[in-house]
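See structure below.
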Amino acid sequence: MQAPPVIPRQPFPFRWLLLAVPLAVMACLVLFKFNPTQYAFYPRCMLYATTGIHCPGCGCLRAMHQLTHGQLADALHSNLLLMLALPLLLLDCLQYCYRRATTGFAQFWVARPIMLKLAIAVIVVFTVLRNIHAAPFNWLAPQ
């Protein structure tokens, strides 16, 4: 009986962090300083502009602006899905970095097929529910 092949340990690629972290910090600083409801340089949702339908991303910039100012309730009201997904995505990134640094191999759990299918289903249901302008769902539409 042969032993399983040994996968050589790869060095952790810190290079992408040298670009990703400063870009994320700069984006947060821009969102902190410039309110998306008051400045026109932010992109507008083309789906909402043409059809009046809120996409799953509608309200994300406003939610991040409110989050940078510590207004969690307003951020939740702007885009509930983003606010619920952010801690999970951050945890996944930290887990990936830890496992890659310690074992040399890691996989984002959100990239697994079952998680992708679940994420697509959640996004579709969220999109449908936020466009129902009736009593229990009207709070899902962005401010």
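The values are calculated or read from the model by the stated rules, or taken from the named source; none is laboratory data. Only a predicted model underlies this, so the values are computations on that prediction, with no experimental measurement involved. Cβ placement follows ideal geometry from the backbone for every residue including glycine, while neighbour counts extend to all protein chains displayed.
Can you find even one residue in the stretch 32-53 that is among the β-branched types (Val, Ile, Thr), modelled with pLDDT under 80, farther than 23 Å from residue 83 by Cα and more than 17 Å from the chain's Cα centre (by Cα)?
No, because not a single residue in the stretch 32-53 is among the β-branched types (Val, Ile, Thr), modelled with pLDDT under 80, farther than 23 Å from residue 83 by Cα and more than 17 Å from the chain's Cα centre (by Cα).
Quick one: in the stretch 96-143, of everything that is of a type in the set (S, T, N, Q) and either in a helix (DSSP H, G or I) or out of contact with any His (no Cβ under 8 Å at 6 or more places or on another chain) (or both), which residue is surrounded by the most Cβ atoms within 10 Å (Cβ to Cβ)? Show your work before the answer.
Looking only at the stretch 96-143, we keep the residues that are of a type in the set (S, T, N, Q), and these are 102-103, 107, 127, 131, 138, 143.
Next cut, either in a helix (DSSP H, G or I) or out of contact with any His (no Cβ under 8 Å at 6 or more places or on another chain) (or both) only: 102-103, 107, 127, 138.
Numbers: 102: 11, 103: 10, 107: 12, 127: 18, 138: 12.
So the residue we want is 127.
Residue check: is residue 76 within 29 Å of residue 16 (Cβ to Cβ), part of a helix (DSSP H, G or I) and not acidic (Asp, Glu)?
In short, no.
Considering only the stretch 28-52, how many residues are of a type in the set (A, V, I, L, M, F, W, C) and surrounded by 13 or more Cβ atoms within 10 Å (Cβ to Cβ)?
Counting residues in the stretch 28-52 that are of a type in the set (A, V, I, L, M, F, W, C) and surrounded by 13 or more Cβ atoms within 10 Å (Cβ to Cβ) gives 7.
Regarding residue 93, is this residue in a helix (DSSP H, G or I), surrounded by 11 or more Cβ atoms within 10 Å (Cβ to Cβ) and touching a residue at least 40 places away in the same chain (Cβ under 8 Å)?
Considered against the rule, which asks whether it is in a helix (DSSP H, G or I), surrounded by 11 or more Cβ atoms within 10 Å (Cβ to Cβ) and touching a residue at least 40 places away in the same chain (Cβ under 8 Å), residue 93 comes out as no.
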